[in-house]
1. For the ranges A:97-103, A:242-248, B:55-61, what's the packing order if you count other beta-carbon atoms within 10 Å of each residue, average per peptide, and put the highest first?
2. With 32 Å as the limit, write out which pairs from A:K119/B:K85; A:K108/A:K186; A:K73/A:K108; B:K52/B:K85 have Cα-Cα distances beyond it, or answer none.
3. Only Cα pairs under 8 Å and at least 6 apart count here; give the relative contact order of chain B as a rounded whole percent.
4. Go ahead and estimate [θ] at 222 nm for chain A from helices alone: -39,500 (n - 2.57) per DSSP H run with n ≥ 4, summed, over the residue count, rounded to 500.
5. Have a look at the protein assembly as shown and give its Rg and Dmax from the Cα atoms, expressed in angstrom.
6. Roughly how many Å is it from the Cα centre of segment B:116-158 to that of segment A:203-219, as a whole number?
7. For segment A:39-260, calculate the relative contact order in percent as a whole number, restricting contacts to Cα pairs under 8 Å that are 6 or more residues apart.
8. Quote the Stokes-Einstein diffusion coefficient, in whole µm² s⁻¹, for segment B:9-224, based on the Kirkwood radius over alpha carbon pairs, a temperature of 20 °C and a viscosity of 1.002 mPa s.
Amino acid sequence: MFRAEDDPGPSFAALMARAGVQPPVPSPVAGGHGLDITHGTTVVAVRYADGVVMAGDRRATSGNLISHRDMEKVYAADRHSGVAIAGAAGPAMEMVRLFQLQLEHYEKVEGQALSLEGKANQLSVMIRGNLPMAMQGLVVVPLFAGYDLRRGLGRLFQYDVTGGRYEETNYAATGSGSLFAATVVKMGYRPELSANDAIDLVLSALFQAADEDSATGGPDPIRGIYPIVATISAAGFDRQTTESISARFASLLGRMSTESGGWATVTS
Amino acid sequence: MSMPFYVAPEQMMKDKADYARKGIARGRSLAALVCEEGILICAENPSNTLHKVAEIYDRIGFAGVGRFNEFDQLRIAGVRHADLKGFSYSREDVEARSLANAYAQMLGQIFTHEMKPLEVEILVAEVAMARTEDQLYHLLYDGTVVDERRYVALGGDADSVAERIEAGWSDELTVTDALRLATSALAGPDRTLTGDDLEVAVLERDGARRCFRRYTYAEVDAVLAGATSPPTANEV
């Protein structure tokens, strides 16, 4: 138990500092740019009628090599929010772990979850804390999305390396293939999309990103590896099953090859 | 130079224990029962915002009787202990037994070294995959740990509550049976308790990662009125 004046309150970061447990982040080293750090690539989030859909491809690369085929980049942050990561994989996964724990710790200590706004700000602080590492090339730029129970709507947030937080109204994408993914989403976006249409749209966006960007992985039916897709609504964070995503991909690819011989973009 | 009065250590410990017991006896009791679906924790608590029963970690729950601010401090210390341990090692390494020992240390330390002992009794419960492996630790104000197997009652009225639970006990209790038994045991022969007077939570045996779930007043009332299927909504 802490004395009142140095009680860390509901903050897990402050607790770690008091307890002398430092988050295991490697210290910055000069000239780190030459290292082939494992990188995660394209993630995308789209608002739909009941909330937000988040999706991410599965590829992680080190330089020009594929280091993992089945990396997960979309995580539940808590019951009603999710975080998707792009950038240096090691620090990004550690950031997610700490972020999830911070939200849960707050909820348990305070007896009530943080507001969605509070969660988004919390992530902003963590990204800003990573800035010295980002300057060394270990950039982490996540997307954060969730269902705001107080306002009754899905919201999504994009970040820059300095911790800048940008709320987007309709969609957001980050990572190496994000330009392509965001363009596809932009072309196919309609207000009040249904959940199914929104999932088809993000799958199409990731497919096109993988088609143009070598660091983004496409669907891999041989090994059964497909993008991770989750819906976040009033009912909570719901990760879609591999079976449903593979079926959607099959019909998406079927439409693409019959309608245009595979050359035109079918968005939804 | 004035000499401090000599007080025999036996007398000092006895005085502190009496003081702590008196404080605890003023509050209301609670009970925890191992049942088919998990561990039911049922506390008599007129407040609907100041909780006596709480979540510590994935499979670990906490409950306290006595002085609210004191057991709430212990609850937060437990959350910190568990979250730090889970972060430093792995989520699987967080166990009720080690937490109970940490609490025993804190309580024992305060009991022997501070002027005023804590006027609390606490429960640390961990649900397992099989009911025979569930763990219930009952901690007293002086750091004594009692390891219980089937049920436990805490508070000033604990002995008579425990007797009433024993009288109605069966090894096949479902969660709804357990809730009705706990409620009647807490109420005693002369009172009736309703959902409003109770705070109920369950550590669900086959739940998701976080097993702790609160029952709403309406859910408790439905069970007390005779509903046999446990509430299913998945909210904490």
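We did not get these values from a lab; they are worked out from the coordinates using the rules stated. Bear in mind that the values here come from a model prediction, so they are computed numbers and not experimental data. Using ideal geometry, Cβ is built from the backbone for each residue, glycine included, and neighbour counts are taken over all protein chains shown.
1. Top of the packing list down: B:55-61, A:97-103, A:242-248.
2. Working: A:K119/B:K85 23 Å; A:K108/A:K186 39 Å; A:K73/A:K108 26 Å; B:K52/B:K85 24 Å.
With Cα atoms farther than 32 Å apart: A:K108/A:K186.
3. Across chain B, relative contact order equals 27 percent.
4. Details: 7 runs with 97 residues, N = 268.
When only DSSP H runs of four or more count, the value is -11500 deg cm²/dmol.
5. Rg and Dmax of the protein assembly as shown, Cα atoms, are 26.8, 103 Å.
6. 55
7. 29
8. 124
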